[in-house]
Amino acid sequence: MVKPRLFAGTISGLETVLSGSYISMLPPQKAGKPQRDFIGREDPPVQEAHVPGRTFLIKASRLGSISVGSPVFFRDLDVGEVLGWDIADMAKSVTIRAFVRAPYDAYVNDDTRFWNASGASIKFGGGGVELQVESLRAILLGGIAFETPPQSAGRGTSADSHVFPLVPDRDTADAASYNRKIQTVSYFSGSVRGIARGSEVTMHGLTVGRVTDVGLVYDAKSDAILAPIHYEIEPERIVGVGPTALFDTPLQAADTLVKRGLRATLQSSNLLTGQQVVALEIMPDAPPASARMEGQNVVLPTSDAAGLSGLQTSATDLLNKLNAIPFAQIGANLNGILASVNELSKSGELRQALTEASNAVKEANGFVRQLNTGTAPAFKQLPQVMTNLQTTMTNVDRLFLSLNTGYGDNTKFNRDLQRLIVQLNEAVRSFRSLADMLVQHPEALIKGRPAGGLE
């Protein structure tokens, strides 16, 4: 039934405003069995007659805003429409039938990634706010976009009705091109607010994986509630690793990195929204640890030394130390000391002691004034006395200098004096010999010196 309608983003049947509604039919592409009875459709078919192309089946966990007539985009070009969906297995998933017109269907092969392009995508990143919109029609009607990896462009096209998975966004579709995924889990003891499914796993600030699940478990060993975060690491994102594993097993690779200080931490990616990421950091000073297996998951140790959690831990430790200070006891002791000082200041003994000390100070000041008055004349003559002493010392120095110059060791007087002393010594010895002789021969005074030798 053709009548004015807005369907699949287009307006049709406006001519019926004047001519009235009428019945239209779409003949088949191939001849079939003759038939006279038909069941008319309420809405016209989306696909036009005899349009070349192929229909692909896309499995999604939920339909969302995708509806019949939603566009299919390839590099921002409208290349097809959604024809409908199958409801046979909606208990598990939704199978969407998407038609891609020729020649764009030739760009679809088995490695092509389909993602939900409905609405607008807003991201807060290092470059600011990023807004991604496929088209205004996709905002109103929903849509699906697809892209084929460059390394798969040379492969053959996919067959009609080939099944593809539908991922939630473009980033997830890009990540789907990595074949190797290491299932990992880390147990955090603190808050994991801001972490959800799809949160990034980063290393050196670049994405290397995605969070797959977040929960709470009770750990009997530590008697605490822990928050396990399950995530996938895609080693092919690291340039130089490639599709070939460098270690025999993922556990061997993880254990080698853990011994070098690899730890899983939580870091804030956006202070406005509170979103966090799982950051894999190399910490050389981390305590010794090792990786282990838990089912199919590699368990990586965690650390609270990075990000806001580390600051919160430090702040908590500081507050605990401040709380440990007995401020109440210190205040009580100060109040007791002040009360004792107050009582002591009111006592008569303290007042008497202060009075006696004041009197003693006054007497000492009077004694000093008297001493200053009595000795003032002497102090006035002191500069003259010092001048006279200085003059006397100068004269004495000159006298000694003169004596040393006139009668010193190197003067003629000193040498003559030494010869005189020698002669005097010889004269004394002569007198001593004469005296000894007279004692023994007193007659020598009359007879003269004896002829014989003296004994």
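The values are calculated or read from the model by the stated rules, or taken from the named source; none is laboratory data. This structure is a prediction, so every number in the text was calculated from the model and none was measured. Here the Cβ is made from the backbone with ideal geometry for all residues, glycine too, and neighbour counts use every protein chain on show.
Some points to look at:
- Here Ser191 fulfils each of the conditions (1) buried (at least 16 other Cβ atoms within 10 Å of the Cβ); (2) in contact (Cβ under 8 Å) with a residue 60 or more places away in the chain; (3) touching a Ser or Thr at 6+ places or on another chain (Cβ under 9 Å); (4) not β-branched (Val, Ile, Thr) apart from (1).
- Strands (runs of 3 or more DSSP E) within region 126-213 that include 1 or more residues touching a Gly at 6+ places or on another chain (Cβ under 7 Å) and modelled with pLDDT of 90 or more: 200-203
- Thr316 satisfies every condition listed in (1) modelled with pLDDT of 80 or more; (2) under 30 Å from Pro228 (Cβ atoms) except (1).
- For Val82, the requirement of being among the β-branched types (Val, Ile, Thr), at pLDDT 75 or above and either surrounded by fewer than 16 Cβ atoms within 10 Å (Cβ to Cβ) or assigned to a strand (DSSP E or B) (or both) is met.
- The residue that is nearest to Thr212 (Cα to Cα), counting only those in region 140-172 that are hydroxyl-bearing (Ser, Thr, Tyr) and touching a strand residue (DSSP E or B) at 6+ places or on another chain (Cβ under 9 Å), is Thr172.
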